[in-house]
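S.K.: Shown below is the structure under consideration.
The values are calculated or read from the model by the stated rules, or taken from the named source; none is laboratory data. What you see is a predicted model, and the numbers here were worked out from it, not measured in a lab. Cβ: placed from backbone, ideal geometry, glycine included. Neighbour counts: every protein chain shown. With ligands, DNA and RNA removed, areas are computed over all heavy atoms of the protein, side chains included. Shrake-Rupley method; radii C 1.70, N 1.55, O 1.52, S 1.80 Å.
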Amino acid sequence: MDFVIVGPEKTGTGWIDSALRACMPHALPKVTKETFYLDRLHHLGPRWHASLYSGEAHVRGEVSPSYFARPVARERLAAINPEARIVVMLRDPFARMASHLLHIMRRGAGSLRERDLGLHSACWNEARESSCYEKHGRAWRAAFGAERVLFLRYGNIKRDTNGLLQAVCRHIGAPVEIDPVWAREFSNTRVFESARPTVPGLAQLAY
């Protein structure tokens with residue numbers, strides 16, 4: 001695994017995944033955005049993870065926002081490839097947390113009629129932790145070195161689309177030239193949640 005865009009959740013990682021697939025399709029898993037290999041599905045092993053890719057690519061990685069606030073994901077990636085390149089997206093932490101909670105509720109949890117939204121404490125803890133940018137950002141830099149961790153702003157998906165994608169490609173070592181006209185047009189692309197995956201292993205997860 002040469003690179004991972006670790007999120008956190010609700011910072012435009014779905015859009016980045018779609019953009020990178022348009023530029024370098026074989027660099028990412030062929031049938032899913034998130035593999036959960038470094039956190040929930042590590043027991044399936046490296047052969048399973050490798051089976052999610054196809055074709056030849058200069059670099060390979062994934063876009064997995066669940067990894068940002070999970071130390072175990074960071075530790076496992078460091079064991080696999082201590083020189084992996086990391087990308088972290090930064091969004092206003094309160095807006096990000098609100099979007100994260102709404103995302104959880106759209107999947108059937110909680111209720112707007114209850115004071116705490118009817119969400120389990122684990123949901124609140126996950127949403128809060130994913131907005132602790134300094135805490136987890138420092139941990140990623142400590143694990144991989146400051147030069148291997150790139151921080152980007154969510155707002156630049158709209159304000160500087162071409163610059164953001166160029167920065168990602170340079171950082172992960174992908175020899176891709178981004179067409180600025182295409183980037184400007186693609187910035188308006190809406191990315192919706194995918195359906196529950198059918199890939200063996202991924203299908204067992206409770207979404």
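S.K.: Determine which single condition residue 111 fails, assuming it passes every other condition in (1) among the hydroxyl-bearing types (Ser, Thr, Tyr); (2) surrounded by 12 or more Cβ atoms within 10 Å (Cβ to Cβ); (3) at pLDDT below 90.
M.R.: Residue 111 satisfies all of (1) among the hydroxyl-bearing types (Ser, Thr, Tyr); (2) surrounded by 12 or more Cβ atoms within 10 Å (Cβ to Cβ); (3) at pLDDT below 90 except (2).
S.K.: Only residues that are over 17 Å from the mean Cα position of the chain (by Cα), within 28 Å of residue 76 (Cβ to Cβ) and surrounded by 13 or more Cβ atoms within 10 Å (Cβ to Cβ): list them for the range 145-169, please.
M.R.: none
S.K.: Something else: Please verify whether the range 73-95 includes one or more residues that are open to solvent by 40 Å² or more (accessible area, probe 1.4 Å), touching a His at 6+ places or on another chain (Cβ under 7 Å) and touching a residue at least 60 places away in the same chain (Cβ under 8 Å).
M.R.: There is at least one residue in the range 73-95 that is open to solvent by 40 Å² or more (accessible area, probe 1.4 Å), touching a His at 6+ places or on another chain (Cβ under 7 Å) and touching a residue at least 60 places away in the same chain (Cβ under 8 Å).
S.K.: Would you call residue 46 open to solvent by 20 Å² or more (accessible area, probe 1.4 Å) and more than 17 Å from the chain's Cα centre (by Cα)?
M.R.: Judged against the criteria, residue 46 is a match.
S.K.: Those residues that are assigned to a loop (DSSP other than H, G, I, E, B) and under 16 Å from residue 74 (Cα atoms), I need them from the range 30-47; list them, please.
M.R.: 34, 35, 36, 37, 38, 39, 40, 41 - these are the residues of the range 30-47 that are assigned to a loop (DSSP other than H, G, I, E, B) and under 16 Å from residue 74 (Cα atoms).
S.K.: Only one of (1) in a helix (DSSP H, G or I); (2) surrounded by 17 or more Cβ atoms within 10 Å (Cβ to Cβ) fails for residue 182. Which number is that?
M.R.: It is condition (2) that residue 182 fails.
S.K.: Then there is this: May I ask you to verify whether residue 56 is buried (at least 24 other Cβ atoms within 10 Å of the Cβ), closer than 20 Å to residue 168 by Cα and among the acidic types (Asp, Glu)?
M.R.: In short, no.
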